[in-house]
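Below are the structure tokens for one structure; questions will follow.
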Amino acid sequence: MSNQGLETIDHTVHVTHDWINELADRLDWSSKRSALRLLRVTMHQIRDNLLIDEMAQFSAQLPLLIRGMFFEGWVPKRTPLKDRHLGDFCAPIESMFEHTLEYRGIEDITRVFVLLNNRLSRGEIEDVRANLPTAIREIWPEP
């Protein structure tokens, strides 16, 4: 039991660390902070390419802290994005990591998708993939 009686918060912090550690291992990056940044910006791109109903279903499976990051800065009237091409999906991620030597582009974005495949239900991943443009779906491995 938590010293403060806040087991829900303790649990989500623990689970979030598990996600970040797994992603950092998959990326083989030295910085867990950079792994978290990649997770956050990639999740924002997923969010901005989904219809609101699918976004809500997807987010319901995320740990509480990661769900908060998922919705951070969200402007509902701007989603889904009108430009739904792979380049438009990757551009904000690329700009965030343009000075990160370890970043390998689509290869690392795909590792975020593999993390999601590993952590969320197969059915939800299939639904999300089906709602994304073909070019983005092609870099997201099937669960």
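Can you tell me the dipole magnitude for the chain around its Cα centre, using point charges on the Cβ only (Lys, Arg +1; Asp, Glu -1), in Debye to the nearest 20?
Using Cβ point charges on Lys, Arg, Asp and Glu, the chain gives about 280 debye.
Per-residue counts of other Cβ atoms within 10 Å, averaged by peptide: what ranking do you get for 53-59, 111-117, highest first?
With the highest mean Cβ count within 10 Å placed first, the list reads 111-117, 53-59.
What do you get for GluC sites (Glu not before Pro) in the range 64-104 restricted to DSSP loop and a cutoff of at most 16 other Cβ within 10 Å of the site's Cβ?
Listed in order of number, the matching sites are Glu72, Glu98, Glu102.
Another question about this same structure. Arrange the following residues from fewest to most other Cβ atoms within 10 Å of their Cβ: Thr110, Thr8.
Going from sparsest to densest Cβ surroundings: Thr8, Thr110.
Here, each number is a calculation from the coordinates, and none is a lab measurement. Remember, predicted model here, so these are calculated numbers, not experimental data. Methodologically, a virtual Cβ is constructed for each residue, glycine included, from the backbone with ideal geometry; neighbour enumeration extends over all protein chains shown.
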